[in-house]
Amino acid sequence: MDLRHLSYFLVLAEELHFGRAADRLHISQPPLTRMIQQIESDLGVVLFERTKRSVKLTPAGADLLKDAKQMVQQMQTLKKRLATHGQALRGSIRVGYVGAVMHSPLPTQLADFSRSNPDVQLHFEEYPNQNLLHELNNGTLDAAFVRTWLPTDNLQEDLILSESFVAVLPAHHTLAEKETISVSELQQEKFITFSRECGPTIFDSFVALCTKAGFSPQILHHASQLNSVLRLVESGFGVSLLPQHTQRGYNLNLAYIPLEDATETVPLLMLTRKENPNPALNKLKLHLKPVSTPGQYE
């Protein structure tokens, strides 16, 4: 017995008249009679008492009626939900982010998603890391994008991209013409870097790179904004080690040189609540297709 069988049974149970039920179903009376007989044969019970003057539900028919409506409604709801897979969705996604993710492939990926899903609206909010966690946990945001590993006991954490470090040098620096350099070649340099409070993973990875190269970095200035780091380097105050995509969106007089021995990477992470029924959010996750290969989106 399938959904069509149950639908025929429900219509006849409501009308208690084969002719009227057949009209509602847009079929003739004989096929309806055969369908009801088939249902009764499958179940091994009589569902309707038939006389020349009336049609009544039997106790078995009344018992089936109790559950049939709910079964049909559940099946129809399931069909509608499954039909959304692979089709355009309607809805909205509230996206939070730290400013550093704007200097990555993420904005392009989100723009591609919007073009592919024009009926899904993306709403953006920029917050510091801890504020993003708070807004996610209280349901104000659907997703948050960060560049550092955070305590996320109640959240799902997906790695979207793992990004290599590059050396950022003034264009006139003696090493600026090299195709690659080693971290040890920067041992005598003064560094401009993010403060650990603003970018704990970037800062810790920067220190680890220098430590592995055999020296402790001379840090001239801790900045809170990427623009400050880049402008200070451009002005000749020092050099920096930053994720490779930080040059996006800037046209400064700088050289970005790949490192030969950079084993540390910087993550781009998508955080979501573990239980979030937003179907548009699930489609965004599939679109971003988390990866872990450094430089995949160059």
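The values are calculated or read from the model by the stated rules, or taken from the named source; none is laboratory data. Bear in mind that the values here come from a model prediction, so they are computed numbers and not experimental data. Glycine gets a Cβ as well: all are built from the backbone with ideal geometry, and neighbour counts include every protein chain shown.
Name the single residue that is nearest to GLN73 (Cα to Cα) among those in segment 5-25 being without any contact (Cβ under 8 Å) to a residue 24 or more places away in the chain and under 45 Å from the mean Cα position of the chain (by Cα).
Across segment 5-25, the extreme among qualifying residues is VAL11.
Scanning segment 266-285 for residues that are of a type in the set (Lys, Arg) and assigned to a helix (DSSP H, G or I), which turns out nearest to the chain's Cα centre (by Cα)?
LYS285
If LEU78 meets every condition in (1) at pLDDT below 85; (2) in contact with a Ser or Thr (Cβ under 6 Å, 6 or more places away or on another chain) apart from one, which number is that one?
Just one mismatch for LEU78, condition (2).
When you go through VAL45, VAL95 one by one, which is the residue that is of a type in the set (Val, Ile, Thr), assigned to a loop (DSSP other than H, G, I, E, B) and either more than 30 Å from GLU15 (Cα to Cα) or free of Cβ contacts under 8 Å to residues at least 24 places away in the same chain (or both)?
Only one candidate qualifies: VAL45.
All but one of (1) at pLDDT 90 or above; (2) more than 28 Å from GLN225 (Cα to Cα); (3) outside the structural domain of LEU10 (by TED's automatic domain parsing) hold for ASP119; state the number of the condition that does not hold.
(1)
Within segment 178-204, can you find the residues that are over 17 Å from GLU163 (Cα atoms), touching a strand residue (DSSP E or B) at 6+ places or on another chain (Cβ under 9 Å) and in a helix (DSSP H, G or I)?
GLU185, LEU186
Report whether or not GLU275 is among the acidic types (Asp, Glu) and outside the structural domain of VAL101 (by TED's automatic domain parsing).
Considered against the rule, which asks whether it is among the acidic types (Asp, Glu) and outside the structural domain of VAL101 (by TED's automatic domain parsing), GLU275 comes out as no.
Quick one: how many residues across segment 234-250 are farther than 25 Å from LEU106 by Cα and crowded, with 22+ Cβ neighbours inside 10 Å?
2
Being of a type outside the set (A, V, I, L, M) and either outside the structural domain of PRO258 (by TED's automatic domain parsing) or under 21 Å from HIS172 (Cα atoms) (or both) is the filter here; which residues of segment 210-242 pass it?
GLN218, HIS221, ASN227, SER228, ARG231, GLU234, SER235, GLY236, PHE237, GLY238, SER240
When you go through SER182, SER205, SER195, SER162 one by one, which is the residue that is over 22 Å from LYS274 (Cβ atoms), in contact with a helix residue (DSSP H, G or I) (Cβ under 9 Å, 6 or more places away or on another chain) and of a type in the set (Ser, Thr, Tyr)?
Only one candidate qualifies: SER195.
Quick check on this structure: which one of GLU179, GLU163 is among the charged types (D, E, K, R), loosely packed, with under 14 Cβ neighbours inside 10 Å, touching a residue at least 24 places away in the same chain (Cβ under 8 Å) and out of contact with any Gly (no Cβ under 6 Å at 6 or more places or on another chain)? Step through it out loud before you land on a result.
On the way: GLU163 fails: loosely packed, with under 14 Cβ neighbours inside 10 Å.
The unique qualifying residue is GLU179.
Mind checking whether some residue in segment 184-195 is in contact (Cβ under 8 Å) with a residue 40 or more places away in the chain, buried (at least 21 other Cβ atoms within 10 Å of the Cβ) and either of a type outside the set (Val, Ile, Thr) or in contact with an Asp or Glu (Cβ under 7 Å, 6 or more places away or on another chain) (or both)?
The answer is yes; a qualifying residue exists.
Please verify whether segment 131-149 includes one or more residues that are small (Gly, Ala, Ser), surrounded by fewer than 16 Cβ atoms within 10 Å (Cβ to Cβ) and more than 14 Å from LEU271 (Cα to Cα).
No; the residues of segment 131-149 include none that is small (Gly, Ala, Ser), surrounded by fewer than 16 Cβ atoms within 10 Å (Cβ to Cβ) and more than 14 Å from LEU271 (Cα to Cα).
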